[in-house]
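**Student:** Pasting a structure below so you can have a look.
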Amino acid sequence: MKRSSSSGQAAPQATHAGGQAALILIMIMAVVGAASVGVASRSVENLRSSEIEGTSTQSLKEAESALELALQTGGDISSDNYSAQFTVGGGDGFVSDQVEAGDVVQVSLVGAAGVTGMNIYWNSSAAVKVEVLNSGGGAYSVKYYTADQDGVRRGLNKFSIPSGGSSLFKGKTFGNRLTISPFSPPAGQTAQMVRITLLYQGSLVGVEPIGGTLAGQMVTVNAAGTAGDSTTTLELNKFSDRVPVVFDNVLFTNGSLSQ
């Protein structure tokens, strides 16, 4: 009788194959589990980012609302989600933003206390044309002042020479200054407004009253909005409204303009 020994070796082979399958299954489950954890982690991170972005956007909207309300009411604003502080400034003078050539800075003298003149500061090779508008008793007048630091141009435009040297005003250093003191309006009239036009080149413009203080020339609004853990703050500096520069051309030519 022939004895077969194959049945005696089959069991170890099956056990070995089963062990390999179990090991592969465990490895697959580990990989899938790691991938699942990674996906879940990214999902939580994306959800958190979206939440932060959402609250940041909402807090910005709250701050913008507070800013707009403060400008409309001309005073402080306070609420659960937003607040704003409204401040009137410029009484002791101010420094404008960059003024381009041909544009104008306007200074109101209405409500000023004891102001008899003005220092005007600027930089670069710009020239200035200044108009002081006077009124009283139903009469109106305009007095002009000019200054140009460029000697070649002065030979053509006949402007005056500005005061040279470095001047520090409101934390800014300026290279040119024109002093108008006193305003000297005609009899029966008082100075009501000063308009400063930059020529040839742009510059910052500093305005310093002499002898007193100006009425508010600008407002500053500091606003804050809150949503969740996010807080957004905004600051706005707004100068008083001004008449467009085209009207200076009408005054200068003593005529009319059409377009």
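**Student:** Tally time: how many residues in region 103-130 are surrounded by 13 or more Cβ atoms within 10 Å (Cβ to Cβ) and either closer than 19 Å to F239 by Cα or in contact with a helix residue (DSSP H, G or I) (Cβ under 9 Å, 6 or more places away or on another chain) (or both)?
**Tutor:** Summing the residues that are surrounded by 13 or more Cβ atoms within 10 Å (Cβ to Cβ) and either closer than 19 Å to F239 by Cα or in contact with a helix residue (DSSP H, G or I) (Cβ under 9 Å, 6 or more places away or on another chain) (or both) in region 103-130 gives 17.
**Student:** Does P209 meet the test of being assigned to a loop (DSSP other than H, G, I, E, B) and touching a residue at least 12 places away in the same chain (Cβ under 8 Å)?
**Tutor:** no
**Student:** Do you know which residues across region 158-204 are touching a Pro at 6+ places or on another chain (Cβ under 8 Å) and under 15 Å from Y144 (Cα atoms)?
**Tutor:** L178, A191
**Student:** Does region 155-176 contain at least one residue that is touching an Asp or Glu at 6+ places or on another chain (Cβ under 9 Å) and in contact (Cβ under 8 Å) with a residue 60 or more places away in the chain?
**Tutor:** So far as region 155-176 goes, yes, one or more of its residues are touching an Asp or Glu at 6+ places or on another chain (Cβ under 9 Å) and in contact (Cβ under 8 Å) with a residue 60 or more places away in the chain.
**Student:** Within region 133-149, identify whether any single residue is free of Cβ contacts under 8 Å to residues at least 60 places away in the same chain and touching a helix residue (DSSP H, G or I) at 6+ places or on another chain (Cβ under 6 Å), and answer yes or no.
**Tutor:** The answer is yes; a qualifying residue exists.
**Student:** So how many residues does region 205-258 have that are modelled with pLDDT of 85 or more, surrounded by 15 or more Cβ atoms within 10 Å (Cβ to Cβ) and charged (D, E, K, R)?
**Tutor:** The total comes to 1.
**Student:** Of these, L133, L67, which one is part of a helix (DSSP H, G or I) and either in contact with a Leu (Cβ under 6 Å, 6 or more places away or on another chain) or surrounded by 14 or more Cβ atoms within 10 Å (Cβ to Cβ) (or both)?
**Tutor:** Answer to the selection: L67.
**Student:** Here is a further query. Suppose the filter is in a loop (DSSP other than H, G, I, E, B), polar (S, T, N, Q) and either in contact (Cβ under 8 Å) with a residue 24 or more places away in the chain or within 22 Å of A112 (Cβ to Cβ) (or both); does Q201 pass it?
**Tutor:** yes
**Student:** Further question: Could you list, in sequence order, all residues of region 164-199 that are surrounded by fewer than 16 Cβ atoms within 10 Å (Cβ to Cβ) and either in contact with a His (Cβ under 9 Å, 6 or more places away or on another chain) or among the hydroxyl-bearing types (S, T, Y) (or both)?
**Tutor:** S166, T173, T179, S181, S184, T190
The values are calculated or read from the model by the stated rules, or taken from the named source; none is laboratory data. Values in this document were obtained by computation on a predicted structure and should not be read as measured data. We place every Cβ from the backbone using ideal geometry, glycine too, and count neighbours over all the protein chains shown.
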